[in-house]
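The next block holds one structure in the form of structure tokens; read it before the comments.
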Amino acid sequence: MTPSPTLQELIKEVKGDASGDEALVQLSQASKTVNDLEQVGDALLGHFVNQCRQSGHSWSEISRALGVSKQAAHKRFTSDPPTFERFTERAQSVLINSESEAHRLGHGFVGTEHILLALFDVPGGLAMRVLDEVGISKSMVEEQVLALIKRTSASEGGCLPFTPRAKSVLSESVAVALDLGHNYIGTEHLLLGLFVDENSVAAKVLQQLGTSQAVLRDRTVELLAGHGED
């Protein structure tokens with residue numbers, strides 16, 4: 001079995017990737033490295049949890065293998081998304097395109113950051129108009145994403161697992177829609193749902209670019225006053 005990197009190896013990697021020797025610069029790089037490892041770790045566990053479920057193993061068996069409670073395992077790795085009939089065509093396109101974004105960046109998983117990037121690829125989507133209103137472009141988002149997660153060679157295709165955080169966005173988008181009194185899930189609800197976890201890459205990127213869920217929600221409500229569902 002290939003051994004996991006040791007602490008000293010990770011320290012060496014962080015120092016090598018950091019843009020300088022100053023302590024805060026290296027701390028910032030260490031944060032990016034840890035976030036990268038967490039994203040890959042989430043995707044890795046999600047892949048094998050899905051494999052166990054497809055093999056017929058129960059959540060009780062899976063939770064014992066993970067060393068956590070059944071409730072904790074089910075909450076983190078449940079793959080039961082809202083019925084896609086409630087998602088608009090544009091919102092469904094975002095979810096499909098998010099996998100393409102992950103492939104394009106050479107990432108072996110679909111995270112919240114890929115959903116955010118995919119929001120820019122749906123013409124006429126309300127989320128894209130909201131982001132434009134607050135001065136955020138796809139190139140700005142991609143730059144921030146790549147500062148947190150390294151780009152690798154673009155992959156050739158194939159199904160990629162959604163991280164638990166990315167899956168949570170789907171459920172959270174339903175809650176956002178209900179809160180706004182809507183009976184559909186559009187691109188705007190996916191955008192606001194990206195803040196379900198403030199430690200997700202998408203939430204961090206949006207915050208770094210100077211916006212928040214409250215700001216985006218206000219702009220969404222304003223634009224919805226003159227437009228239909230997206």
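The values are calculated or read from the model by the stated rules, or taken from the named source; none is laboratory data. Bear in mind that the values here come from a model prediction, so they are computed numbers and not experimental data. Virtual Cβ from ideal backbone geometry, glycine too; neighbours counted across all protein chains shown.
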Inset, instruction - Just name the residue that is farthest from residue 162 (Cα to Cα) out of those in region 49-68 that are among the polar types (S, T, N, Q) and within 25 Å of the chain's Cα centre (by Cα). - result: 63
Inset, instruction - Answer yes or no as to whether residue 108 is part of a loop (DSSP other than H, G, I, E, B), of a type outside the set (Val, Ile, Thr) and buried (at least 16 other Cβ atoms within 10 Å of the Cβ). - result: yes
Inset, instruction - For residue 197, state whether it is of a type outside the set (S, T, N, Q) and loosely packed, with under 13 Cβ neighbours inside 10 Å. - result: no
Legend entry - Hits in region 1-50 - residues which are small (Gly, Ala, Ser), in a helix (DSSP H, G or I) and at pLDDT below 80: 41, 43, 46
Inset, instruction - Kindly indicate whether residue 76 is part of a helix (DSSP H, G or I), more than 13 Å from the chain's Cα centre (by Cα), modelled with pLDDT of 90 or more and surrounded by 15 or more Cβ atoms within 10 Å (Cβ to Cβ). - result: no
Legend entry - Hey, residue 71 over 20 Å from the mean Cα position of the chain (by Cα) and at pLDDT below 80 or not: yes
Inset, instruction - Give me the pairs, please: first residue somewhere in region 194-214 and part of a helix (DSSP H, G or I), second residue anywhere and of a type in the set (Asp, Glu), beta-carbon distance under 7 Å, and either six or more positions apart or on two chains. - result: 201/113; 202/113; 203/197; 205/113
Inset, instruction - Assess whether residue 197 counts as being farther than 22 Å from residue 109 by Cβ and of a type in the set (D, E, K, R). - result: no
Legend entry - Selected residue (only one of 141, 134, 130, 174 is farther than 28 Å from residue 73 by Cα and surrounded by fewer than 21 Cβ atoms within 10 Å (Cβ to Cβ)): 134
Inset, instruction - Give me a count of the residues in region 19-33 that are touching a Leu at 6+ places or on another chain (Cβ under 9 Å) and either in contact (Cβ under 8 Å) with a residue 24 or more places away in the chain or of a type in the set (A, V, I, L, M, F, W, C) (or both). - result: 2
Inset, instruction - Tell me which residues, restricted to region 159-193, are outside any helix (DSSP H, G or I) and either without any contact (Cβ under 8 Å) to a residue 24 or more places away in the chain or of a type in the set (Phe, Trp, Tyr) (or both). - result: 162, 181, 184
